[in-house]
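Read through the structure below, which is laid out as structure tokens, and then see the notes.
Taken together, the values in this text are just the output of simple stated rules run on the coordinates, not laboratory data. None of the values given here were measured: they were computed from a predicted structure. Every residue, glycine as well, gets a Cβ built from its backbone with ideal geometry; the counts of neighbours run over all protein chains shown.
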Amino acid sequence: MEPDCRLYLITPPVLPPEFPDLLAAALDAGDVACLQLRLKDALPDAIKRAVDALMPIAQARNVAFLLNDDAALAASLGCDGAHLGQGDGDHEAARKLLDGRTLGITCHASRHLAMQAGEVGADYVAFGAFFPTLTKETAHSADVELLAWWSEMFEIPSVAIGGITAVNCAPLVQAGADFLAVVGAVWSHPDGPAAGVRAMNAAIAAA
Ligand SMILES: Cc1ncc(COP(=O)(O)OP(=O)(O)O)c(N)n1
Ligand SMILES: Cc1ncsc1CCOP(=O)(O)O
Ligand SMILES: [Mg+2]
């Protein structure tokens, strides 16, 4: 049986040359529901090369492959879906482009944005940041009450993001988060990314 809450892995901001091997080892270490390719400074051509290299590694392991920021590129490259923020284009148009694929939408700490995302047909809503993070400058701070309210009121899955680690994640799982999205907890784990996935899986199971 799959756990109620699952790990959502996001790539590090810059990919080292050995990243395909690191990714395979991380995904082989435990349960990962999806991988988001998030390369904020890369041109479309570099993103395409990364998709070509990494998507087969994820999909061979039954891990959905989502692209950050660009619904049209995600659809044209055959990704399983896209994650869009509030400034990442028109969500309704993206919903049409991603017909049959996953659309996730950033909702910061806003009930209103989350309900709007639901109306547009988002497959999940993402809330954060829950904790201080070194990965992104964040202007919004979310709390567990928001997650609890959302999971009580709506069927659409929620993703929690922002500074989440094996040590601090239990309240998010208990509040009903369907997915925990992490960068640093896996890629910066002192014992390597595979250990990071194992630690997150164990913490989710114990919550
Ligand atoms: C799962 C998930 N949640 C939130 C974000 C943040 O998206 P966005 O606000 O567009 O910021 P950038 O990631 O584009 O810097 C995300 N990527 N994934
Ligand atoms: C992309 C993003 N959006 C809000 S916080 C964040 C960064 C998450 O990374 P980490 O898990 O290292 O805090
Ligand atoms: Mg974005």
- Message: If I stretch the segment between Gln174 and Ala46 completely, what's the gain in nm (0.36 nm per residue apart, minus their alpha carbon distance), one decimal?
- Response: 42.2 nm
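So if R0 is 30 Å, what FRET efficiency would Ala139 and Lys96 give, r being the distance between their Cβ atoms, rounded to the nearest 0.05?
0.55
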- For region 23-91 versus region 170-201, the gap between their alpha-carbon centres in whole angstrom: 18
- Can you list which of the GluC sites (Glu not before Pro) found in region 120-207 are DSSP loop residues with at most 13 other C-beta atoms within 10 Å? Glu137, Glu155
- Query: How large is ³J(HN,Hα) for each residue in region 169-183, as worked out from phi by the Karplus curve 6.51 cos²θ - 1.76 cosθ + 1.60 (θ = phi - 60°), to whole Hz, x for Gly and Pro?
  - Reply: 7, 3, x, 6, 5, 5, 7, x, 4, 8, 9, 10, 9, 9, 10
- Message: Could you give each residue of region 8-13 its phi-based ³J(HN,Hα) in whole Hz, using Karplus coefficients 6.51, -1.76, 1.60 with θ = phi - 60°, and x for Gly or Pro?
- Response: 10, 9, 10, 5, x, x
- Could you work out the helix-only [θ] at 222 nm for the chain, with each DSSP H run of four or more residues adding -39,500 (n - 2.57) and the total divided by the number of residues, to the nearest 500 deg cm²/dmol? -11000 deg cm²/dmol
- Kirkwood Rh (inverse of mean 1/r, distinct Cα pairs), the chain, angstrom: 16.9
